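*Asks:* Got a structure for you, written out below as structure tokens; questions coming shortly.
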Amino acid sequence: MKRSIKTPVGFSVIAALSLWLAVSAPEGTTLFSFNAGKELLAVPDLYIPVAGASWLIFALLLAATAGSWLLALKRKKTPLWLTALFAFAFVQQVLVLLFVGEMFPVTTTLQGSLALAVPLIFGSLAGVLSERVGVVNIAIEGQLLAGAFASAMVTSITHSLTLGLLAAAIAGSLIAGVLAVFSIKYVVDQIIVGVVVNVLVIGLTSFLYSTVMTRDLVALNQPERFAQIDLPFLSQIPIIGPLLFSQTLIVYLMYVAVAAVYIALFKTRWGLRVRAVGEYPKAADTVGIKVYRTRYMSVMLGGALAGIGGAFFTLGAVGSFSKEMTAGAGYIALAALIFGRWNPILATLAALMFGFAQNLQSVLSIIGSDVPSQFLLMLPYALTVVAVAGLVGKVTGPAATGKPYIKS
Amino acid sequence: MNKVVKQIFNPSSLVTVLAVLASFLIGGLLIAFANENVQATAGYLFARPADFLYAVWNAIFGAYDALFRGSIFNYKALDTVGMIKPLTETLTYATPITLAGLGMAVAFRSGLFNIGGTGQIIFGAMGAAWVGFSLDLPAIIHLPVAVLAGILASAFFGGFVGFLKAATGANEVIVTIMMNYIAGLLLFWILTTPLFQAPNATNPISPEIAQSAKYWRFMGDEYRINAAFFVMLAMVATVWWLLNRSSIGFQFRALGHNPNAAKVAGINIGLTYVLVMAVSGALAGLAGTAQVLGAEKYLTPSVAASFGFDAITVALLGRSKPLGVLAAGVLFGALRAGAVIMQANQKVPIDIVLIVQSLVVLFIAAPPLVRFMFRIPDVAKRQAQKNQVAA
């Protein structure tokens, strides 16, 4: 194997940054609070001395960097868990420094992060299903937005959350269907279709919003919202209870969807076919797999998931539809998908990380930190550029993604 | 003359014309669908169908009449300025759209997908604006220096994507999409720093561009049209020359046709990636300078508007040929200009432009769909079948 020193070099740069942070660390302590008010047993708050913690973390990072160099010299790759731990430790150092003299509400920040990540996760699952079968899905944004619009409208009219969710799924899969028809039947470049479909959906939803919806906002844009469901016992576990098990139905659906997509793709015959079509459609066709049908199904199934993710904006979070309310979430979902290397579970973790970055920005602005919020918002996009440039291991999608298959 | 007629009725031009027509038709139906009178008369459609049809006609005609008056000639205006202002507005919008569209076209012809128009426009605008409001230069060189700064900023920003592709194989589509957001957030942030924010301003806006750095408004101050329009025309010619007559353009196109063959022929692929993206970015950056030094007087977070997307559609509609891009740019410029009046007079939201625009591109990209809608036989395919039978 070729010797690659990208990872150790990256580690070294971060370690140097960590050293600088440790040297310049101010005196004082940071308070990490873990309570959200529902737990049976309260977790004691943590007072962390900033300078001490900084140096400790720097020492850990230094050790990891040395390990990474050793591995590289032996022509071995740095394992993913080490990279993940490395990043986690560095983030802790930054957090301790950012919140010096203040309280960092760990549990509530994580709660907010999960809320922001839900549509991203649904969106990236849609991307996984679509790209694994060989169709580039730039149109996640459009599917989310269509889901948000349809669910707000249908729930407002019917007062049924179930119907709203169903409408969102249908709307999302219709948009995915447009993507599929143009890229499979008419062999149009999938990137072009994706970009154009997004704008078409922005145009359509904004147009209908300002003409039809605004005429009667009460009847057409005041959907009920999903209530929070506390799962018995589970919701009372410290930290993870309020975080994971005191959520709305859409979030529970999200857990199921992540597991289902993972199992369907990697443990079932259908998933094997999907991946075969995405990697080498000709071979799949030769053994009798219906390439076109598999592509349509997988892309539209993904669209349905993205639609449900879109419903989270209206039925889960905000409680009404507004113009372009997804605000680029679809592109962050795309970023999560690439960062997660087309794997549903890794993509979910990436989406959670991006949700955390977004939420941290609002927590920081509450305590009046002078870190410009734009830089934290930039993080998902910047990390994705780093990822596709191959600085965190090799990132390659399914081989046939983006290539139309023409049956001969 | 015969040649012109032939060109118009040539199958691919016919598809283009019909695609535009179909999109406007669908847009019209949407306008009618959302119209209050139409909805009211639809309630008693079977009792008085004529009312309904009249309302539909009124809604569609009213909207497209406003579109025409807002973009070409306002026959209802009271003075000359009001009458011819629409056309100058169309050309003002067409300027950045065409410039950025040329940038996208250069990339498409070279086999690269530049989705980063928005980010490159922002960088061009940032570079030009900073020179425009902070430096104090004599009038003759202030404008050129500002424009040059914009070109350099956006060429570096675009070229960086080409460099990443050449050095690491990073997919330019993903990188440019992400760079758009990075540029947008950077612009928002930089407009809150003392370096760019106007003194005493509370919202993110730059100081006014110095008079010496503004493009000349050659029809007077009541019109927004300015000398950037001529820069755009010059660029149409330049890009035509670059792509069709220069050796570097030959390398670009060779890369677009077949990268492997280009490599074998001795073209430095990596360097060409960087060059293509730098040229493409520079043209988009020029669009940014046209906005900030010409049509507007300040740098604001919305400087790129939807020009990044417009540029992609214009390049596709113009089939990545400079003159085609110009024609498509004027068409979409007219849509933008007209939609403002359409929204004000007829309460048709400006978003209809996005719908029509994206439909045009979808239809253009799928000629079989257009042929199916208008029941046009596929001449090429029929010929091929005939040949097959003959053989």
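*Asks:* Filter the stretch A:138-173 for residues that are part of a loop (DSSP other than H, G, I, E, B) and either β-branched (Val, Ile, Thr) or under 20 Å from A:LEU352 (Cβ atoms) (or both) and give the result.
*Replies:* A:ILE138 - this is the single residue of the stretch A:138-173 that is part of a loop (DSSP other than H, G, I, E, B) and either β-branched (Val, Ile, Thr) or under 20 Å from A:LEU352 (Cβ atoms) (or both).
*Asks:* A further question follows. If only one of B:SER306, B:SER320, B:SER302 is within 14 Å of chain A (Cβ to nearest Cβ), surrounded by fewer than 24 Cβ atoms within 10 Å (Cβ to Cβ), in contact (Cβ under 8 Å) with a residue 40 or more places away in the chain and closer than 30 Å to B:THR192 by Cβ, which one is it?
*Replies:* Sole residue among the options that is within 14 Å of chain A (Cβ to nearest Cβ), surrounded by fewer than 24 Cβ atoms within 10 Å (Cβ to Cβ), in contact (Cβ under 8 Å) with a residue 40 or more places away in the chain and closer than 30 Å to B:THR192 by Cβ: B:SER306.
*Asks:* Name the one entry in B:ASP79, B:ASP65 that is within 30 Å of B:LEU323 (Cβ to Cβ), charged (D, E, K, R) and either modelled with pLDDT of 95 or more or more than 16 Å from the chain's Cα centre (by Cα) (or both).
*Replies:* On the way: B:ASP79 fails: within 30 Å of B:LEU323 (Cβ to Cβ).
From the options B:ASP79, B:ASP65, the qualifying one is B:ASP65.
*Asks:* Related question: Count, please, the residues in the stretch B:59-103 that happen to be among the charged types (D, E, K, R) and closer than 27 Å to B:LEU233 by Cβ.
*Replies:* 3
*Asks:* Moving on. Return a yes/no flag: does the stretch B:96-103 have any residue that is surrounded by fewer than 20 Cβ atoms within 10 Å (Cβ to Cβ), in a helix (DSSP H, G or I) and not basic (Lys, Arg). I'd like the intermediate steps shown before the answer.
*Replies:* From the stretch B:96-103, those surrounded by fewer than 20 Cβ atoms within 10 Å (Cβ to Cβ) are none; that's our starting set.
No: the stretch B:96-103 contains no residue that is surrounded by fewer than 20 Cβ atoms within 10 Å (Cβ to Cβ), in a helix (DSSP H, G or I) and not basic (Lys, Arg).
*Asks:* Among the helices (runs of 4 or more DSSP H) confined wholly to the stretch B:285-368, which include 2 or more residues that are polar (S, T, N, Q)?
*Replies:* It comes to B:322-346, B:352-365.
*Asks:* I need a count of the residues in the stretch A:202-235 that are over 22 Å from A:GLY307 (Cβ atoms) and among the basic types (Lys, Arg).
*Replies:* 1
*Asks:* Identify all residues within the stretch A:376-403 that are surrounded by fewer than 20 Cβ atoms within 10 Å (Cβ to Cβ) and at pLDDT 85 or above; write none if there are none.
*Replies:* Once the filter is applied, which keeps residues that are surrounded by fewer than 20 Cβ atoms within 10 Å (Cβ to Cβ) and at pLDDT 85 or above, the stretch A:376-403 yields only A:ALA382.
*Asks:* Does A:PHE88 qualify as being closer than 24 Å to A:VAL251 by Cβ and among the aromatic types (Phe, Trp, Tyr)?
*Replies:* Yes: the conditions hold for A:PHE88.
*Asks:* Turning to a different aspect of this structure: Considering only residues that are farther than 14 Å from B:ALA337 by Cα and free of Cβ contacts under 8 Å to residues at least 40 places away in the same chain, look in the stretch B:348-371 and name the one that is surrounded by the most Cβ atoms within 10 Å (Cβ to Cβ).
*Replies:* Filtering the stretch B:348-371 for residues that are farther than 14 Å from B:ALA337 by Cα and free of Cβ contacts under 8 Å to residues at least 40 places away in the same chain, the one surrounded by the most Cβ atoms within 10 Å (Cβ to Cβ) comes out as B:LEU362.
*Asks:* With the requirement that a residue be within 14 Å of chain A (Cβ to nearest Cβ) and surrounded by fewer than 21 Cβ atoms within 10 Å (Cβ to Cβ), what does the stretch B:323-336 give you? Steps first, answer last, please.
*Replies:* Taking the stretch B:323-336 as the starting set, the residues that turn out to be within 14 Å of chain A (Cβ to nearest Cβ) are B:332, B:335-336.
The answer is none; no residue qualifies.
One line per residue, one yes/no per condition, for (1) in contact with a helix residue (DSSP H, G or I) (Cβ under 7 Å, 6 or more places away or on another chain); (2) more than 14 Å from chain B (Cβ to nearest Cβ):
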{"residue": "A:ALA306", "(1), (2)": "yes, yes"}
{"residue": "A:THR326", "(1), (2)": "yes, no"}
{"residue": "A:ALA336", "(1), (2)": "yes, no"}
{"residue": "A:VAL371", "(1), (2)": "yes, no"}
{"residue": "A:LEU379", "(1), (2)": "yes, no"}
{"residue": "A:VAL386", "(1), (2)": "no, no"}
{"residue": "A:PRO398", "(1), (2)": "yes, no"}
{"residue": "A:TYR405", "(1), (2)": "yes, yes"}
{"residue": "A:SER408", "(1), (2)": "no, yes"}
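*Asks:* Taking the stretch B:63-114 only, how many residues are within 29 Å of B:SER320 (Cβ to Cβ), charged (D, E, K, R) and touching a Pro at 6+ places or on another chain (Cβ under 8 Å)?
*Replies:* 0
*Asks:* Related question: For the subset of the stretch B:156-177 comprising residues that are among the small types (Gly, Ala, Ser) and part of a helix (DSSP H, G or I), which member is surrounded by the most Cβ atoms within 10 Å (Cβ to Cβ)? Lay out the reasoning, then the answer.
*Replies:* Within the stretch B:156-177, the subset among the small types (Gly, Ala, Ser) is B:158-159, B:162, B:166-167, B:169-170.
Then keep just the ones that are part of a helix (DSSP H, G or I); that gives B:158-159, B:162, B:166-167.
Values: B:GLY158: 33, B:GLY159: 21, B:GLY162: 27, B:ALA166: 18, B:ALA167: 13.
Among those residues, the one meeting the criterion is B:GLY158.
*Asks:* Can you find a residue that is over 29 Å from B:THR168 (Cα atoms) and modelled with pLDDT of 80 or more anywhere in the stretch A:64-84?
*Replies:* For the stretch A:64-84, residues over 29 Å from B:THR168 (Cα atoms) and modelled with pLDDT of 80 or more: absent.
*Asks:* Looking at A:PRO223, A:PRO238, A:PRO232, can you tell me which residue is in contact (Cβ under 8 Å) with a residue 60 or more places away in the chain, surrounded by fewer than 21 Cβ atoms within 10 Å (Cβ to Cβ) and away from chain B (no Cβ under 14 Å)?
*Replies:* Testing whether each residue is in contact (Cβ under 8 Å) with a residue 60 or more places away in the chain, surrounded by fewer than 21 Cβ atoms within 10 Å (Cβ to Cβ) and away from chain B (no Cβ under 14 Å) leaves just A:PRO238.
Here is a yes/no grid of residues against (1) surrounded by fewer than 21 Cβ atoms within 10 Å (Cβ to Cβ); (2) at pLDDT below 95; (3) aliphatic (A, V, I, L, M); (4) within 26 Å of A:LEU144 (Cβ to Cβ):
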{"residue": "A:THR248", "(1), (2), (3), (4)": "yes, yes, no, yes"}
{"residue": "A:ALA259", "(1), (2), (3), (4)": "yes, no, yes, yes"}
{"residue": "A:TYR262", "(1), (2), (3), (4)": "yes, no, no, yes"}
{"residue": "A:VAL274", "(1), (2), (3), (4)": "no, yes, yes, yes"}
{"residue": "A:GLY278", "(1), (2), (3), (4)": "no, yes, no, yes"}
{"residue": "A:LYS282", "(1), (2), (3), (4)": "yes, yes, no, no"}
{"residue": "A:VAL287", "(1), (2), (3), (4)": "yes, yes, yes, no"}
{"residue": "A:LYS290", "(1), (2), (3), (4)": "yes, yes, no, no"}
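*Asks:* Could you go through the stretch A:343-361 and let me know if any residue there is touching a Lys or Arg at 6+ places or on another chain (Cβ under 6 Å) and either modelled with pLDDT of 85 or more or farther than 30 Å from A:LYS77 by Cβ (or both).
*Replies:* Within the stretch A:343-361 (the criterion being touching a Lys or Arg at 6+ places or on another chain (Cβ under 6 Å) and either modelled with pLDDT of 85 or more or farther than 30 Å from A:LYS77 by Cβ (or both)), the answer is no, since none of the residues qualifies.
*Asks:* Can you pull out every residue in the stretch B:178-208 that is more than 13 Å from chain A (Cβ to nearest Cβ) and crowded, with 23+ Cβ neighbours inside 10 Å?
*Replies:* Correct list: B:SER206 only.
*Asks:* Any idea which of (1) out of contact with any helix residue (DSSP H, G or I) (no Cβ under 7 Å at 6 or more places or on another chain); (2) surrounded by 15 or more Cβ atoms within 10 Å (Cβ to Cβ) is the one A:SER33 doesn't satisfy?
*Replies:* (1)
*Asks:* Here's another thing I want to ask about it. With the requirement that a residue be within 7 Å of chain B (Cβ to nearest Cβ), out of contact with any Gly (no Cβ under 8 Å at 6 or more places or on another chain) and buried (at least 19 other Cβ atoms within 10 Å of the Cβ), what does the stretch A:176-192 give you?
*Replies:* Within the stretch A:176-192, A:PHE182, A:VAL188, A:ILE192 qualify.
*Asks:* Let me ask another. Of the numbered conditions (1) outside the structural domain of A:ILE239 (by TED's automatic domain parsing); (2) under 26 Å from A:GLY328 (Cβ atoms), A:SER130 fails exactly one; give the number of that condition.
*Replies:* Failed condition: (1).
*Asks:* If A:VAL195 satisfies every condition in (1) without any contact (Cβ under 8 Å) to a residue 12 or more places away in the chain; (2) more than 22 Å from A:LYS290 (Cβ to Cβ); (3) facing another protein chain (nearest Cβ under 10 Å) but one, which is the exception?
*Replies:* So A:VAL195 meets the others, but not (1).
*Asks:* So if I check each of B:ALA311, B:ALA284, B:ALA339, which one is under 12 Å from the mean Cα position of the chain (by Cα), within 14 Å of another protein chain (Cβ to nearest Cβ), of a type in the set (Gly, Ala, Ser) and crowded, with 24+ Cβ neighbours inside 10 Å? Walk me through how you get there before you give the answer.
*Replies:* Working: B:ALA284 fails: within 14 Å of another protein chain (Cβ to nearest Cβ); B:ALA339 fails: under 12 Å from the mean Cα position of the chain (by Cα).
Only one candidate passes the filter, namely B:ALA311.
*Asks:* Can I ask one more? Mind checking which pairs have a first residue in the stretch A:66-92 that is assigned to a loop (DSSP other than H, G, I, E, B) and a second that is modelled with pLDDT of 85 or more and buried (at least 17 other Cβ atoms within 10 Å of the Cβ), Cβ under 7 Å, 6 or more apart or different chains?
*Replies:* That search, which allows pairs on different chains as well, returns A:THR78/A:SER68.
*Asks:* Hey, another quick one. Considering the stretch A:198-213 alone, what residues qualify as being farther than 18 Å from A:SER151 by Cβ and more than 7 Å from chain B (Cβ to nearest Cβ)?
*Replies:* Passing the criteria: only A:ASN198.
The values are calculated or read from the model by the stated rules, or taken from the named source; none is laboratory data. The structure presented is a predicted model; accordingly, all values stated were derived computationally and were not measured. Note that each Cβ is placed from the backbone with ideal geometry, even for glycine, and that neighbours are counted across all protein chains shown.
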